[in-house]
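Enquirer: Structure below; questions to follow.
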Amino acid sequence: MFTANTTLMLVATFLPVLGALVLLLVPKDQRRIFEIGSLLVMIASLLLSLPFWFGYDRASDAVQWFQAWTWIPALGVKFSVGMDGISLLLWLLTTFIGPIAIACSFKSIEERHKEYYIWMLVLQTAMLGVFITQDMFLFYLFWEVMLVPMYFLIGIWGGPQKLYAAIKLFLYTLAGSVLMLVAILAIYFLQHKATGSYNFSLESFQQMAPIIAQQSKTYQHLMALAFFIGFAIKVPMFPFHTWLPDAHVQAPTAGSVILAAILLKMGTYGFVRFLLPILPGATKDLMPWFIGLSLIGIIYGALVAMIQKDMKKLVAYSSVSHLGLCMLGLFALNPYGIKGGLFQMINHGISTSGLFLAVGIVYERRHTRMIADFGGLSKSMPIYATIFMIMTMSSIGLPLLNGFIGEGMILMGAFQSFPIYAVVATLGIILGAAYMLWMFQRVMFGPITAVNEKMEDLNLREILYFAPLVAAAFWIGLYPKPLMDVMDAPVRKLVEQVNPGFHAAEALAAKQAAAARLGMRGMAAPAAHHEPAPAGHGAAPAGHQAPAAPHAAPAHGGGH
Amino acid sequence: MNGFAQGLLSALLRDTHLIAPQLFLMVVATLMLWPGDLFFNRNEKHKWAPITLVILAITAFLVSRTADGEGFSRMFRNDGLTRGFQMLCVAASAGTVLLSTRLLDSLKQQTVEYYALILFSLAGMLFLCGASDLISVYFSIELMAICIYILVAYLRDRATSVEAGMKYFLLGAFSSGILVYGISLLYGAAGGTTTNLADLNQALALTPANSNLLVYAGVLMVLVGMAFKVAAVPFHMWSPDAYEGAPTPITAFMATAPKAAALAAFLRVFGAGFHGVSSDWVLPLTYIAGASMILGNVAAVRQESMKRLLAYSSIAHVGYMLLGVLSGDPMAGAQAVWLYMLIYIVMNTGAFAVVIYLQGKGEGERIEDFKGLGRKHPVLAFAMMIFLLSLAGIPPLVGFFGKFYLFKLAIEQGYVTLTVIALLTSAVSAYYYLGVVNQMYFKAPEGEAAPHGRRPGLHRHPCLHPGAGRHGLRALAAGLGGENLLGLVLSGGSVLRTHPQTPAQKPGRPGFALLRAGSPP
């Protein structure tokens, strides 16, 4: 019954909104029903999404479980859905974060429960929809729809400056996405001119890449900039990041978690899915600017995070820094960089939502988030301190935890493409370790005050919603191969789209390196005549396989 | 002489069916004034509202049954464009009548004249939608506008209402003067033989070089006069004051029906009449459209009065719709404007319904009055939110589809800068629309009145409250079923396309034949 197919995918995606419709009928003083009901809906959606992890064909780079229904034929809009490895991972991350976001709200949401849980469920469907859609028009719809629930979540249940933060979030994102809409329409008409048909499907847009490449440079650059600004606001990249600290600080804990874990990923997802494959030429032209902004984001985010007095704001700025790193990886345009960037998206989703949850815990108990108000918490809250530490370590990229893998791959990719920038990025990572550890030290160690001494440690519910995050952090840190396998084929395809001939050149380089080794060995021992054959035989597939098996990377990296 | 009279009579009889709805409206409205009004005593005047609705329903039926054709010395033309916009005007008038009854009841201002004026004005609009001669454009505009001047000043014991009427009248008269002067210049430039749009189009193209300035001035003056009527920047100054001072249902009326009619005229005059001299007006109109979007939206941000906010936002919406006029493809432009207008009328009428509902309690004038509406009246607030977000064009609400279709067209026609302005300003519009949503949902109601507290019978008028909710659900449903709506317009034929025209009338401009005021083949 639960085999991965399109129907099940749609059910898992739209289940939250169906749940919201049912909850709409419940009278509004039934707080428990809303809490448990929405949690159950989210868990059901998560369970329904699991078969896709197992059913995904890792060898293929095609969009799987693809299906399209006619929707607005006159415009060429189709309701088409499907996932490849990249969307699958983010889609699963969304269903994974959903129950956690609900579970962490039970105590912190004190009023208007009905609306809150309904908006959360609507938001969930909108976010899941963004990742499964294979049609530009539908993508834009989901992308915009997502804003409304988020606006209400921040605006009603947020902090003291909630109105300002909510409307800032809304307007920034809206301004970016309307620019994106212009670019989408421009390509749509170009496509009509080139092929004579109106079509909004993602695939047809990606196939436009060679035709776009023949247009004038100005046209290409304007298109790329429109997409870039739309996505960069969402990511957010410097200098479009100013909405983020406000939104994060004012949002309720669950809002921050979703914002950090999923919403920001839509920006990076947009880059991977749209900007890179549709406009590779213009992207490469503007690359110095994009990389520059990423680097500024990394360093600036880290420096600003360091001086924050508010824990939530610190974590928010650390997001700016981490996503800058993520963008740097994507812009390296080689398999390591892109995979690392994708990895970092997942990791950031796990560790930053963990940190926001942790901040939410102390805020619930003390109604303050100022670092100066805390100290010595490790004495009164040992379990909390342990989890906080794991999340901190995962955020700064300690080996064995998830962050390490992503950062390592990004830096590898960046070194391959632009070594100097990679060095600068390393500086950001060092700064990252500094501000996170410094915060941890000030909050957890040192003398403890009387108020902090009475703080209760985590209860069972809280441990339960941290547990999956901790487990995921260790799992990815210790055994990242399953994740790598899922993104392997799609990334390969993407690199081929952006850098045609990249893999062929790389395979050739590997072969030449192997040949050179053989040659040298041949010089050292000219007598061994029959040895080259098996070795050469072995080298060729290894060269082929190298991008597909990154854990063998160091050996391969030495090859060229 | 006798032969001439006979010929005239037979021509009149032949063409009368084209204007059956207008004739019906004029006759019935006259009969309403006398002797109809004698049958109702002072306390029974509110019965005119349902009667007016029935009349409007019959008018809509008549509009749908009128045949294509041209008549009255080619002064009036009935085609898909005419009927499509006529329907919008009738629908907007019906909305106004629905909104009016309760307010007039509570003010004890029910009179037959109010309804008769709406009907007379509507007759003017129906003429305007089909006017294919500059002269008929002019007198239709006057018939429409003079009735509205009176309606704006209808609450004659209120200073603001009278002031608004006065202002509107003076500026309106002034703009009419400019319009008619422009017409006379064009008449002269074209050789003093015709004001018919189709003939003018050809005549203007053939004018000698030394009268270029004459044509230019004439076209610009007509543009200015029309821009006054639709309240496009910089000829919008009258509109916020008039909107604020007028009785609220009349504000809703002014924001919808006359704009629909005037845009129809815009499409016909500039799409058909001045097509040949488009180089004269495209650039000014581009600036007018851009300025309307920018100023309308930016000024709306700073408003504290709900009616002024809607007034400024309607300036911006007109700016968006002018994109459709600019389109080099008049048929597609007319369709896009029609769709946008339809959505705009529904959403705007809905928003005004909520304002009037609150006004019944002495609130609703100011944006602050919406504070906590989400808790006091959840259904009403939800409907209002849907209207506002739809006006802002947030998907998946139907307003998004209206904007999408219009902007798509504009990009297709190469107005990329203008479209970018339109999109960015529509992001600005989200700010002030959301400001109202903020008040409704994020602020506690003043004095925290119990939600089930006082609810006097007066305020539960059957037409308003549930009606608003229905409108809201319809907006949502229409958005989700966007296909149907767009299908309606695109196949669109059914609404806007005329009888099969020979596309060869002007080679290289398919679709142009639609709006061409020339004779049917």
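Enquirer: Work out the FRET efficiency for A:Arg31 and B:Ser278 from their Cβ-Cβ distance, taking R0 = 51 Å, and round it to the nearest 0.05. Show your work: numbers first, answer last.
Expert: On the way: r = 64 Å, r/R0 = 1.25.
With a Förster radius of 51 Å, E is 0.20.
Enquirer: If each of A:Glu110 and B:Val379 carries a label point 7 Å out from its Cα toward its Cβ, how far apart are those two points in nm?
Expert: It works out to 3.3 nm between the two label points.
Enquirer: Also, I was wondering about something else. I need the trypsin sites (Lys or Arg not before Pro) found in the stretch A:429-504, filtered to DSSP loop residues with at most 16 other beta carbons within 10 Å of theirs. Intermediate results must be reported in sequence, preceding the final value.
Expert: On the way: sites: A:Arg442, A:Lys454, A:Arg461, A:Arg492, A:Lys493; in loops: A:Lys454.
Here the sparse-neighbourhood loop sites are A:Lys454.
Enquirer: Right, next: Based on alpha-carbon positions alone, could you give the equivalent ellipsoid semi-axes of the stretch A:142-266 from the gyration tensor, as √(5λ), descending, whole Å?
Expert: Details: eigenvalues 231, 38, 23 Å².
Ellipsoid half-lengths, sorted descending, are 34, 14, 11 Å.
Enquirer: Same structure, new question: For helix A:217-234, what angle does its Cα long axis make with the longest principal axis of chain A, in degrees from 0 to 90 and rounded to 10?
Expert: Value to nearest ten degrees: 30.
Enquirer: Determine which residues of the stretch A:312-332 fall in the zone a paramagnetic label at A:His367 would reach in this model, i.e. backbone nitrogen under 20 Å from the point 7 Å along Cα→Cβ.
Expert: Label zone hits: A:312-313.
Enquirer: Could you tell me the calculated FRET efficiency between A:Arg521 and A:Trp69, based on Cβ-Cβ distance and R0 = 60 angstrom, to the nearest 0.05? Before the final figure, lay out the partial values.
Expert: Numbers: r = 60 Å, r/R0 = 1.00.
Approximately 0.50, to the nearest 0.05.
Enquirer: Calculate the translational D of chain A in whole µm² s⁻¹ from Stokes-Einstein, where the hydrodynamic radius comes from the Kirkwood formula applied to all Cα pairs, the temperature is 37 °C and the viscosity 0.692 mPa s.
Expert: Details: Rh = 24.3 Å.
This corresponds to a translational diffusion coefficient of 135 µm²/s.
Enquirer: May I pose another question? If you filter the stretch A:206-312 for trypsin sites (Lys or Arg not before Pro), then keep DSSP loop positions with at most 14 other Cβ within 10 Å, what is left? All intermediate terms of the calculation are to be shown ahead of the outcome.
Expert: On the way: sites: A:Lys217, A:Lys234, A:Lys265, A:Arg273, A:Lys284, A:Lys309, A:Lys312; in loops: A:Lys309.
In loop regions of the stretch A:206-312 (DSSP not H, G, I, E or B), the sparsely surrounded trypsin sites (Lys or Arg not before Pro) are A:Lys309.
Enquirer: Go ahead and collect, in residue order, the members of the stretch B:46-80 whose backbone nitrogen is under 16 Å from a label point 7 Å along the Cα-Cβ direction of B:Ser10.
Expert: Within reach of a label on B:Ser10, which here means backbone N under 16 Å from a point 7 Å along Cα→Cβ, the stretch B:46-80 contributes B:72-73.
Enquirer: OK, next. Keeping all protein chains in position, work out how much accessible area B:Ser10 exposes to a 1.4 Å probe, and write it in Å² to the nearest 10.
Expert: Here the accessible area works out near 60 Å².
Enquirer: Quick check: pseudo-label points 7 Å beyond the Cα along Cα→Cβ at A:Gln214 and A:Asp285, how many nm apart are they?
Expert: 1.7 nm
Enquirer: Helix A:6-24 versus the longest principal axis of chain A: what is the Cα-based angle in degrees, 0 to 90, to the nearest 10?
Expert: On a 0 to 90 degree scale, this one is about 10.
Enquirer: Now for a separate question. Considering every pair of different Cα atoms, what Kirkwood radius, in Å, is found for chain B? Before the final figure, lay out the partial values.
Expert: Working: mean 1/r = 0.0430 Å⁻¹.
Taking every pair of different Cα atoms in chain B, averaging 1/r and inverting gives 23.3 Å.
Enquirer: Please give the per residue accessible area of the protein assembly as shown, computed with a probe of 1.4 Å over protein heavy atoms only, in Å². The partial results should precede the final answer.
Expert: Working: 38590 Å² over 1081 residues.
Using a 1.4 Å probe on heavy atoms only, each residue of the protein assembly as shown averages 36 Å².
Enquirer: Give me the percent of the accessible area of chain B that comes from carbon and sulfur atoms, probe 1.4 Å, all protein chains in place. Walk me through the numbers on the way to the answer.
Expert: Values: 12150 of 18590 Å².
C and S atoms contribute 65 percent here.
Enquirer: Now for a different question. Per-residue mean of other chain beta-carbon atoms within 10 angstrom of the beta-carbon, peptide B:425-435? Mind dumping the intermediate values first?
Expert: On the way: counts 1, 3, 10, 3, 1, 8, 5, 0, 0, 9, 2.
Average neighbour count from other chains, rounded to a whole number: 4.
Enquirer: Just the number, please: carbon plus sulfur as a percent of the accessible area of the stretch A:99-183, 1.4 Å probe, no ligands or DNA/RNA counted.
Expert: 64 percent
Enquirer: Still on this structure, please answer the following. Calculate the length of the line joining the C-alpha centroid of the stretch A:347-376 to that of the stretch B:99-159, in whole Å.
Expert: Each part reduced to its Cα centre gives a spacing of 63 Å.
Enquirer: Taking only Cα atoms of the protein assembly as shown, what ratio of Rg to Rh do you get with Rh as the Kirkwood inverse-distance radius? Intermediate values should be presented prior to the final figure.
Expert: Details: Rg = 33.0 Å, Rh = 31.8 Å.
The Rg/Rh ratio comes out at 1.04.
Enquirer: A follow-up question, please. Show me you know the interface measure: the accessible area buried between B and A, both chains summed, probe 1.4 Å, in Å² to the nearest 100.
Expert: Values: alone 20130 and 21520 Å², together 38590 Å².
Buried area between the two chains comes out at roughly 3100 Å².
Enquirer: Note down the nm distance, to one decimal, between modelled labels 7 Å out along Cα→Cβ at A:Gln441 and at A:Leu478.
Expert: 3.0 nm
Enquirer: Stretched out fully, how many nm does the piece from A:Thr7 to A:Gln497 gain, at 0.36 nm a residue minus the Cα gap?
Expert: Numbers: separation 490, 0.36 × 490 = 176.40 nm, distance 2.98 nm.
Gain on extension, A:Thr7 to A:Gln497, equals 173.4 nm.
Enquirer: Related question: Could you look at the stretch A:294-479 and say what percent of its accessible area is carbon and sulfur, using a 1.4 Å probe and all protein chains?
Expert: The nonpolar share, carbon plus sulfur, comes to 74 percent.
Enquirer: Same structure again: Any chance you could give the angle, 0 to 90 degrees and rounded to 10, that helix A:136-145 forms with the longest Cα principal axis of chain A?
Expert: Tilt relative to chain A: about 20 degrees.
Enquirer: Would you mind classifying the stretch A:294-479 by shape? Square roots of the alpha carbon gyration tensor eigenvalues, ordered a ≥ b ≥ c; an a/c under 1.5 is rounded, otherwise it is prolate if a/b is larger than b/c and oblate if not.
Expert: Working: a/c = 2.70, a/b = 1.76, b/c = 1.54.
Cα axes put the stretch A:294-479 in the prolate bin.
Enquirer: May I ask you to compute the full-extension gain from B:Ala20 to B:Trp34, defined as 0.36 nm times their residue separation minus their alpha-carbon distance, rounded to one decimal in nm? It would help to have the intermediate numbers written out before the result.
Expert: Details: separation 14, 0.36 × 14 = 5.04 nm, distance 2.10 nm.
Additional length available on full extension: 2.9 nm.
Enquirer: Same structure, new question: Across the residues of A:66-74, average count of Cβ atoms on other protein chains within 10 Å? Please report the intermediate quantities before stating the final value.
Expert: Values: counts 0, 0, 0, 0, 1, 3, 8, 4, 8.
Per-residue shielding by partner chains comes out at 3.
Enquirer: Okay, next question. Would you mind finding the longest exposed-site-free stretch of chain A, with exposed GluC sites (Glu not before Pro) meaning DSSP loop and at most 14 other Cβ atoms within 10 Å? Each step should come with its number before you reach the end.
Expert: Details: sites that count: A:Glu110, A:Glu111, A:Glu456.
The answer is A:112-455.
Enquirer: Pop out a list of residues from the stretch B:399-413 that are at least 30 Å² less accessible with all the protein chains around than in their chain alone; 1.4 Å probe, no ligands or nucleic acids counted.
Expert: When all protein chains are present, B:Phe400, B:Phe401, B:Phe404, B:Lys408, B:Ile411, B:Glu412 each give up 30 Å² or more of accessible surface.
The values are calculated or read from the model by the stated rules, or taken from the named source; none is laboratory data. Every value quoted in this text rests on a predicted model; they were computed, and no experiment measured them. All Cβ positions, glycine included, derive from the backbone under ideal geometry; neighbour counts span all protein chains shown. Accessible surface areas use protein heavy atoms only, side chains included; no ligands, DNA or RNA. Shrake-Rupley method; radii C 1.70, N 1.55, O 1.52, S 1.80 Å.
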